[in-house]
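Some notes on the structure that comes next.
Throughout, read-outs are computed from the coordinates displayed, never taken from laboratory work. Nothing here was measured: the structure is a model prediction, and the numbers come from that model. No Cβ is skipped: glycine too gets one built from the backbone with ideal geometry, and neighbour counts run over all protein chains shown.
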Amino acid sequence: MTHAHITTWVIAFILFFVSLSMYKAHSPKAKIAHMVLRLFYLLIIATGAMLLFSLYSISALYIVKAIVGLWVIVAMEMVTVRAKKGERAQSAWIQLVLAFVLVLYLGLKLPLGFHVFS
Ligand code: HEM
C-alpha cells in the first residue's frame, strides 16, 4: 500500500505541473488535466486512509501526517486555481513547499514503508 500511496502522489505532482503549464498556455484542454488531477487527490486520500486503517493503533504523529498530507493537496489546488485565473500564487507556493517538505519528513520517519529519517 505504501507503493500505491507514493505512486498516486508522484502522478498527482506530474499532473499538477502539466495542468499549470496548460493553464499558463491558455490551452482549452487544461480543464481535463485539472479534472484528472482532482481524481488523483482522491486516490492519494484513499491510499493514505488505507495505510492509516491498516494500523493497529493510530498515534498522534500519524494524525499530523494525514493533516499535513491534506494541506499539500489544498495548496496544490490553490496554486492550480490561481494559475487558471491568472493570479499571483506566491503564498500558495510557499505553503506547498513547506507542507511537502514536512509531509516527506513525517512519511519517511513513520514506521511503515521506507525509513530515511528514523
Ligand atoms: C500529496 C500529499 C501526500 C504526500 C506527498 C504523502 C507522502 C507520503 C510519504 C513520502 C510517505 C512515506 C511512505 C513510506 O515510508 O514508504 C507516506 C506515508 C503515509 N501517508 Fe502520505 N502523503 C500524502 C497524503 C496523505 C494523506 C492525505 C493521508 C491520509 C489520509 C496520508 C497518510 C499516510 C499514512 C498513514 C502513511 C504511512 C506512514 C508510515 O508509517 O510510513 N498521506 N505519505
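Brief remarks follow.
- Scan of the range 1-40 for residues that are of a type in the set (S, T, N, Q), closer than 16 Å to Gly69 by Cβ and either exposed (fewer than 13 other Cβ atoms within 10 Å of the Cβ) or more than 9 Å from the ligand (Cβ to nearest atom) (or both), ordered by number: Thr7
- Residues in the range 72-85 that are more than 19 Å from Leu98 (Cα to Cα) and in contact (Cβ under 8 Å) with a residue 40 or more places away in the chain: Ala83, Lys84.
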